[in-house]
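The values are calculated or read from the model by the stated rules, or taken from the named source; none is laboratory data. Nothing here was measured: the structure is a model prediction, and the numbers come from that model. In this analysis, Cβ positions are derived from the backbone assuming ideal geometry, glycine residues included, and neighbour counts consider all displayed protein chains. Remember, those area values only see protein heavy atoms, side chains included, never the ligands or the DNA or RNA. Shrake-Rupley method; radii C 1.70, N 1.55, O 1.52, S 1.80 Å.
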Amino acid sequence: MVLRPARANGCRQQRHSLRDGVPDRGRERLLVLVRRSVWAVFLAAATLVTAGGLIALSSTGAFDETESDAPTVPTPTTTGTDPVPTEPTRGSSPPTVSPPASSLPTARIGYVFPVAGCQASASRSHHDYPAADIFAEKGCRFVSPVDGRVDEVTRVDRWDPRSNVGRDRGGLSVSVVGIDGVRYYGSHLSAIASGIEPGLSVRAGQVLGSIGNTGSARVTPPHLHFGISWPTPPERWWIRRGSVSPQPFLDAWRERRQLSPVTAVAKAHRAYGTDRGCRSYC
């Protein structure tokens with residue numbers, strides 16, 4: 001009589017413990033497995049997302065090993081030929097920017113008007129051969145029109161009006177062969193600057209002497225006889241005194257325009273041909 005109720009309770013507990021054919025312990029194990037599966041799926045998805053992000057960042061260079069070991073210096077950009085340096089990373093040395101080859105310093109020929117510090121008026125033509133007479137006050141500065149070296153210097157006025165020898169008409173004179181290969185000659189000077197000797201290197205604007213009226217200018221107002229030619233040996237004074245009309249170049253240099261006589265001199269040299277001596281006003 002006592003065991004029956006107990007058996008009945010056991011049957012009810014057994015029926016109560018069964019739900020959809022799964023005992024309580026089995027159900028707990030199933031829930032644990034489900035939770036683990038969900039976490040596994042979640043972790044796998046997170047891993048894929050993270051890996052994808054890392055791959056994307058690596059492809060952009062964000063995690064490049066070479067950049068992580070040293071500060072980043074952006075590549076400099078240029079506009080035209082002028083290099084534009086960029087800001088260095090904090091704590092790093094400023095980047096070294098090499099200028100483009102086209103912007104590296106090169107030899108530049110600059111010309112200046114050969115009379116400085118005074119008002120001067122150049123003739124528009126010259127008698128018998130190409131040259132210019134630049135009239136200015138006595139003592140005004142005769143300066144080198146270009147960088148170059150001193151070619152010839154005449155410090156003694158040997159002109160005699162009775163003989164009027166061509167080689168002596170210039171009186172005191174200085175010639176310079178420019179870095180452009182052209183010879184520039186100035187004569188009728190009243191004085192030659194100290195230290196001006198053949199072979200001396202000079203700069204454009206450097207004083208060579210003072211305007212005067214030596215030589216055949218003794219009976220004329222002070223002026224600078226200015227000639228342009230190709231270089232020749234010293235005895236060929238008829239070339240030295242002027243072979244190319246200098247007026248266009250004097251006009252340009254007075255206005256600070258850089259006009260070179262190189263082409264004109266080369267053309268005149270070819271046209272002149274073989275030099276057999278003085279041809280006019282000898």
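For the range 238-262, filtering for residues that are surrounded by fewer than 13 Cβ atoms within 10 Å (Cβ to Cβ) and over 19 Å from ASP147 (Cβ atoms) leaves 2.
The set of residues from the range 158-205 being open to solvent by 20 Å² or more (accessible area, probe 1.4 Å) and of a type in the set (S, T, N, Q) comprises SER163, ASN164, SER190, SER194, SER201.
Applying the set (1) in contact with a strand residue (DSSP E or B) (Cβ under 9 Å, 6 or more places away or on another chain); (2) closer than 26 Å to CYS278 by Cβ to ARG203 leaves exactly one unmet item: (2). For VAL177, the criteria (1) in contact with a Ser or Thr (Cβ under 9 Å, 6 or more places away or on another chain); (2) part of a strand (DSSP E or B) hold in every case but one, which is (1). Can you name the residue in the range 206-237 that is of a type in the set (Phe, Trp, Tyr) and in contact with a Gly (Cβ under 7 Å, 6 or more places away or on another chain) and is also least open to solvent (accessible area, probe 1.4 Å) among such residues? Checked the range 206-237; the qualifying residue least open to solvent (accessible area, probe 1.4 Å) is PHE226. Only helices (runs of 4 or more DSSP H) whose full extent lies in the range 180-282 are considered here, and the ones with at least 1 residues that are closer than 22 Å to SER121 by Cα and either without any contact (Cβ under 8 Å) to a residue 40 or more places away in the chain or of a type in the set (S, T, N, Q) (or both) are 247-254.
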